[in-house]
Amino acid sequence: MIQKYLEDYAVYWRNSEPRFPLLNRKFNFSDKQARERVLDQYLESVKTLRKKKQSGHTFSAKDERHFLDRTRNFLCHTLDFTTDQLDVMLSPETTEVCRQFATQARQFDPTIDFKDILQAGRNVWIMNGLQIVLGLPVKLTPSIFAYSLLYPYTDNLIDNPEITSFDKMIFSNNFHKRLEGKPIKPNNPSEEIIYSLVAMIEEEFPRADYPGVYQSLLAIHETQTNSVQLMLPEGTLSETETLKICLAKGGASVIADGYLVAGTLTKEQEFFLFGYGAYLQLLDDIQDVKEDGDAGLKTLFSKNHELLEMKINQTWWFGDQVMQGLSLLGGQHLEVFGSLMQKSMDLFIIEAIAQNPDLYSLKYIHEMEAHSPFSFSYIQKQKSQFAPYHGFLLTAMDEVVFDTCVPEKEVVMAAG
């Protein structure tokens, strides 16, 4: 399903220049200080809200409006999001989807971890964005709910040290058969949950009518299985092989997002969504470069720190090529969607460098810091309040919908 797209985007990567990104604006020292004061005020409002929750305060509709207004003000005056972008990100529909997802996730599994809801919720946001662009109602469908939860559960099973490698291999084979539609009996409670999520998708999208849905699910399962090769000893994989594994994993994931939102896609839509997902995967790998290196995971960025700056630049230009194909997606609000994605991705890269300054030259740090709305020293000082990867907006929305307190470390800078 994805092989042709993989080859095309591998060419995109090879053709992407290693020169410094064309980031939009620079911030002087006084400008950064002003924005840091606004962020400090916002963090204080979050702390106040959490204290009210701890004391048993009921979060009313008025409290919600007040908090969302503060969130809009913060995003506008520190990160320069436009009114149009904020109307999309903080619309009543997306707020309601976030609320419904958190509630349904806990009803589905009362023991689910907060971090797993965050991971799944990030995918819900991506799929809601696709609903907006494709002109579909913004709502939490059974397939969005099920697909977004599938991979925290499968990841947790694969990462569980108490499960043997042999049992994990059996699960992977059985999960593949279940995605093919074969009747498979679960071997443990985790598998039972995973297979029930697949059943939710089958109820919304009958296999006979929507074959692309299941082809896309099989594609992401196969790419995730192949990604195990990234744990092989250094030198086992060439850089091209490593690149293709990473691109395939991200690209297949977002093609599946598209199918589980729309049921069917054109080849043009598949092509764009593959590239968009591949770009998101590369950005994730940049954020996780230190953790991946420590864990022995060989991505494009963790394999060779000497070329890290060049590869980050190359990733930005790769993403620029991807986003130029946005019109292939069709639909509506493309300009707002594109500008929102570009801003979020720029912040993502800047934050990754701020969080790991020891991996970069002083010259590169200074060049990137000039485009950051906050000084890198401020970000490092507030590191417990800046957690990359989950996304600031998602955490802000969780403040609205969760009854229990969110750990303070989950307040983050990244908008994507």
(1) farther than 28 Å from residue 272 by Cβ; (2) more than 22 Å from the chain's Cα centre (by Cα) all hold for residue 310 apart from (1)
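Only residues that are β-branched (Val, Ile, Thr) and either crowded, with 21+ Cβ neighbours inside 10 Å or in contact with a Cys (Cβ under 8 Å, 6 or more places away or on another chain) (or both): list them for the stretch 323-367, please.
Within the stretch 323-367, the first condition is being β-branched (Val, Ile, Thr), and the residues that meet it are 336, 349-350, 353, 365.
Those that are β-branched (Val, Ile, Thr) and either crowded, with 21+ Cβ neighbours inside 10 Å or in contact with a Cys (Cβ under 8 Å, 6 or more places away or on another chain) (or both): 349, 350, 353.
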Checked the stretch 2-23 for anything aliphatic (A, V, I, L, M) and surrounded by 12 or more Cβ atoms within 10 Å (Cβ to Cβ); matches are 2, 6, 10, 23
Here the residues within the stretch 81-119 that are hydroxyl-bearing (Ser, Thr, Tyr) and in a helix (DSSP H, G or I) are 83, 94, 95, 103
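Condition first: more than 18 Å from the chain's Cα centre (by Cα) and over 26 Å from residue 305 (Cβ atoms). Now tell me which residues in the stretch 217-242 satisfy that. I'd like the intermediate steps shown before the answer.
Step one: list which residues in the stretch 217-242 are more than 18 Å from the chain's Cα centre (by Cα), which gives 218-219, 222, 225-226, 228-242.
218, 219, 222, 225 - these are the residues of the stretch 217-242 that are more than 18 Å from the chain's Cα centre (by Cα) and over 26 Å from residue 305 (Cβ atoms).
Report yes if some residue within the stretch 250-271 is part of a loop (DSSP other than H, G, I, E, B), among the hydroxyl-bearing types (Ser, Thr, Tyr), more than 23 Å from residue 352 (Cβ to Cβ) and touching a residue at least 40 places away in the same chain (Cβ under 8 Å); otherwise report no. Working first, answer last.
If we filter the stretch 250-271 for residues that are part of a loop (DSSP other than H, G, I, E, B), which is where we start, we get 263-266.
Filter once more, so that each one left must be among the hydroxyl-bearing types (Ser, Thr, Tyr): 264, 266.
With the extra rule that they be more than 23 Å from residue 352 (Cβ to Cβ), the set shrinks to 264, 266.
In the following step, the residues that additionally are touching a residue at least 40 places away in the same chain (Cβ under 8 Å) were identified as 264, 266.
Checked the stretch 250-271: at least one residue is part of a loop (DSSP other than H, G, I, E, B), among the hydroxyl-bearing types (Ser, Thr, Tyr), more than 23 Å from residue 352 (Cβ to Cβ) and touching a residue at least 40 places away in the same chain (Cβ under 8 Å).
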If we keep only residues of the stretch 92-107 that are surrounded by fewer than 20 Cβ atoms within 10 Å (Cβ to Cβ) and free of Cβ contacts under 8 Å to residues at least 60 places away in the same chain, then the residue nearest to residue 146 (Cα to Cα) is 104
Exactly one of 232, 283, 243 is touching a residue at least 24 places away in the same chain (Cβ under 8 Å) and touching a Lys or Arg at 6+ places or on another chain (Cβ under 8 Å), and that residue is 232
Margin query: So for the stretch 66-84 (the condition being over 25 Å from the mean Cα position of the chain (by Cα) and either farther than 20 Å from residue 344 by Cβ or aliphatic (A, V, I, L, M) (or both)), does at least one residue qualify?
Written below: yes
Of the candidates 299, 264, the one satisfying the condition of being surrounded by fewer than 22 Cβ atoms within 10 Å (Cβ to Cβ), under 24 Å from residue 221 (Cα atoms) and out of contact with any Pro (no Cβ under 9 Å at 6 or more places or on another chain) is 264
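Just the residues that are of a type in the set (Val, Ile, Thr) and within 16 Å of residue 261 (Cβ to Cβ), please, taken from the stretch 185-243. If you could, list the steps in order and put the result at the bottom.
First, the residues of the stretch 185-243 that are of a type in the set (Val, Ile, Thr): 193-194, 198, 201, 213, 220, 223, 225, 228, 236, 240, 242.
Hits for the stretch 185-243 are 201, 213, 220.
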* To do: Evaluate the stretch 6-20: report whether one residue or more is touching a residue at least 60 places away in the same chain (Cβ under 8 Å), in contact with a Leu (Cβ under 7 Å, 6 or more places away or on another chain), among the small types (Gly, Ala, Ser) and closer than 30 Å to residue 222 by Cα.
  => yes
Cβ pairs under 8 Å, 6+ apart or interchain, first in the stretch 131-156 and surrounded by 20 or more Cβ atoms within 10 Å (Cβ to Cβ) and among the acidic types (Asp, Glu), second at pLDDT 95 or above and outside any loop (DSSP other than H, G, I, E, B), ordered by first then second residue, are none
Answer yes or no as to whether residue 22 is at pLDDT below 90 and under 30 Å from residue 313 (Cβ atoms). no
By residue number, the members of the stretch 157-172 that are surrounded by fewer than 16 Cβ atoms within 10 Å (Cβ to Cβ) and of a type in the set (Gly, Ala, Ser) are 165
Of the residues in the stretch 2-16, those that are more than 15 Å from residue 254 (Cβ to Cβ) and hydrophobic (A, V, I, L, M, F, W, C) come to 10, 11, 13
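So which residues in the stretch 362-391 are hydrophobic (A, V, I, L, M, F, W, C), in contact with a helix residue (DSSP H, G or I) (Cβ under 9 Å, 6 or more places away or on another chain) and at pLDDT 90 or above? Even if it seems obvious, please write down each step before you answer.
Taking the stretch 362-391 first, the residues hydrophobic (A, V, I, L, M, F, W, C) are 362, 365, 368, 370, 374, 376, 379, 386-387.
Subset that is in contact with a helix residue (DSSP H, G or I) (Cβ under 9 Å, 6 or more places away or on another chain): 365, 368, 374, 376, 379, 386-387.
Of everything in the stretch 362-391, those that are hydrophobic (A, V, I, L, M, F, W, C), in contact with a helix residue (DSSP H, G or I) (Cβ under 9 Å, 6 or more places away or on another chain) and at pLDDT 90 or above turn out to be 365, 368, 374, 376.
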Restricting attention to the stretch 301-345, the residues that are in contact (Cβ under 8 Å) with a residue 40 or more places away in the chain and outside any helix (DSSP H, G or I) number exactly 6
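Do you know which residues across the stretch 42-80 are in a helix (DSSP H, G or I) and more than 29 Å from residue 32 (Cβ to Cβ)?
Listed by number, the residues that qualify are 52, 53, 54, 61, 62, 63, 64, 65.
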Scanning the stretch 178-195 for residues that are closer than 17 Å to residue 221 by Cβ and within 27 Å of the chain's Cα centre (by Cα), the one modelled with the lowest pLDDT turns out to be 190
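Yes/no matrix, rows are residues, columns are (1) under 30 Å from residue 301 (Cα atoms); (2) outside any loop (DSSP other than H, G, I, E, B); (3) β-branched (Val, Ile, Thr); (4) modelled with pLDDT under 85:
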site: 154; (1), (2), (3), (4): yes, yes, yes, no
site: 170; (1), (2), (3), (4): no, yes, yes, no
site: 197; (1), (2), (3), (4): no, yes, no, no
site: 202; (1), (2), (3), (4): no, yes, no, no
site: 207; (1), (2), (3), (4): no, no, no, no
site: 229; (1), (2), (3), (4): yes, yes, no, no
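Give the number of residues within the stretch 73-88 that are farther than 24 Å from residue 30 by Cβ and modelled with pLDDT of 85 or more.
Total satisfying the criteria: 5.
The values are calculated or read from the model by the stated rules, or taken from the named source; none is laboratory data. Being a predicted model, the structure only gives us computed values, none of them experimental. All Cβ positions, glycine included, derive from the backbone under ideal geometry; neighbour counts span all protein chains shown.
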